[in-house]
1. Calculate the spin-label point distance for LEU34 paired with LYS54, positioning each point 7 Å from the Cα along the beta-carbon direction, and give it in nanometres.
2. At a 1.4 Å probe radius, which order do ARG42, ARG99, ARG236 fall into by accessible area, largest first?
3. Would you kindly derive the ³J(HN,Hα) couplings of the range 31-48 from the backbone phi angles with the Karplus curve 6.51 cos²θ - 1.76 cosθ + 1.60 (θ = phi - 60°), listing them in order in whole Hz, with x for Gly and Pro?
4. Per residue of the chain, what 222 nm ellipticity follows from adding -39500 (n - 2.57) for every DSSP H run with n ≥ 4, rounded to the nearest 500?
5. In the neighborhood of GLY219, defined by Cβ-to-Cβ distances under 14 Å, what is the net charge if each Lys or Arg adds +1 and each Asp or Glu adds -1?
6. Taking amide H positions as placed in the peptide plane 1.01 Å from N, state which residues far from SER167 in sequence (5 or more) or on other chains have amide H under 5 Å from it.
7. Please work out the FRET efficiency for the pair LEU82 and GLU105, using the Cβ-Cβ distance as r and a Förster radius of 22 Å; give the result to the nearest 0.05.
8. Quick one, which of (1) 1.02; (2) 0.99; (3) 1.04 is the actual Rg/Rh (Cα atoms, Kirkwood Rh) calculated for this model?
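The values are calculated or read from the model by the stated rules, or taken from the named source; none is laboratory data. Here the structure is a predicted model, which means the values were calculated and not measured. Here the Cβ is made from the backbone with ideal geometry for all residues, glycine too, and neighbour counts use every protein chain on show. With ligands, DNA and RNA removed, areas are computed over all heavy atoms of the protein, side chains included. Shrake-Rupley method; radii C 1.70, N 1.55, O 1.52, S 1.80 Å.
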Amino acid sequence: MSWFKRESGEVATVPENGDGERRVRTEGLWVKCLGCRQPIYRPDLEANLNVCPKCQHHFKISARQRIDLLLEPGYELVDQGLRSTDPLNFHDVKPYKQRLRKAQEETGLDDAILNAVGMMGQHHVVLSAMEYGFIGGSMGAVVGETIARAVDRARSERKPLIIVAASGGARMMEGVVSLMQMAKISTALAQLDDARVPYICVLTDPTTGGVTASFAMLGDLNIAEPGALIGFAGPRVIEQTIRQKLPEGFQRSEFLLEKGFLDAVVHRRDLKSYILRALDFMQPVPVEEVTPATIRAEA
């Protein structure tokens, strides 16, 4: 009965007066929650910061949405225009250049990261937000360089640094160039620590691989959203390696908080106020007070 199959997501109706055709779009108005498996009306989900109003499951949101959520209006996007040059001329199922073009078209970004400077409440901050929709938020040379620039900017301007991590790990289409970003960013963060400028990392679902093994766990304050998957290797790989069943909730943010890997798990609606309160206690040390003697004394 192929004649009965609807080919589009639209329902067409003709008004009673016959003055033309009216179309009612139904596709995409409902979203199935990955937590409670219940349908959610999309406008209600968006009004609730993309958190399920029934079970509080936190949906993924874009880097731009992250910035809008945390910073006051009038922020400035910086460090843009960097694009991967495909250093290995990599091919797998499809050329890496083709993957990059598709991701750039779908997200409107140059790579899986956005840097912004602006106000969070009364605090001048540098914010770096990762975009999971860009090849799984993977960290290549551009992501590493962009985050390193955010760290350098925070250090030179003595503004607190906030990084929102959302990544599947290192981008292996760039091989060792990608892995080098772990050391590059970690070194920059060590210099930020020496300068006594605060760094807060927000870990979201998912934060895995080389991102977790480097800057995502180096914050002065490490906080996560509820239910976020956080780890290095995935649970399936670990189970196959150790040949044991993992505990319930393994690698989720609540489990990591219990084991001491995180400082807090914070609901998305409370995230901005929580960071603001933390920044009230974590003001950068005045530059004239940062000397080798004071650093050694505090060590």
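1. It is 1.7 nm.
2. Final ranking, largest accessible area leading: ARG236, ARG42, ARG99.
3. Those phi angles translate into 10, 8, 5, 6, x, 9, 6, 9, x, 10, 5, 3, x, 5, 5, 5, 5, 9 Hz.
4. It comes out at -9500 deg cm²/dmol, rounded to the nearest 500.
5. Values: positive: none; negative: ASP193, ASP220, ASP263.
Within the 14 Å Cβ shell, the charges total -3.
6. Hits under the 5 Å cutoff: THR207, THR208.
7. Details: r = 17 Å, r/R0 = 0.78.
Working from the Cβ atoms, E equals 0.80.
8. (3)
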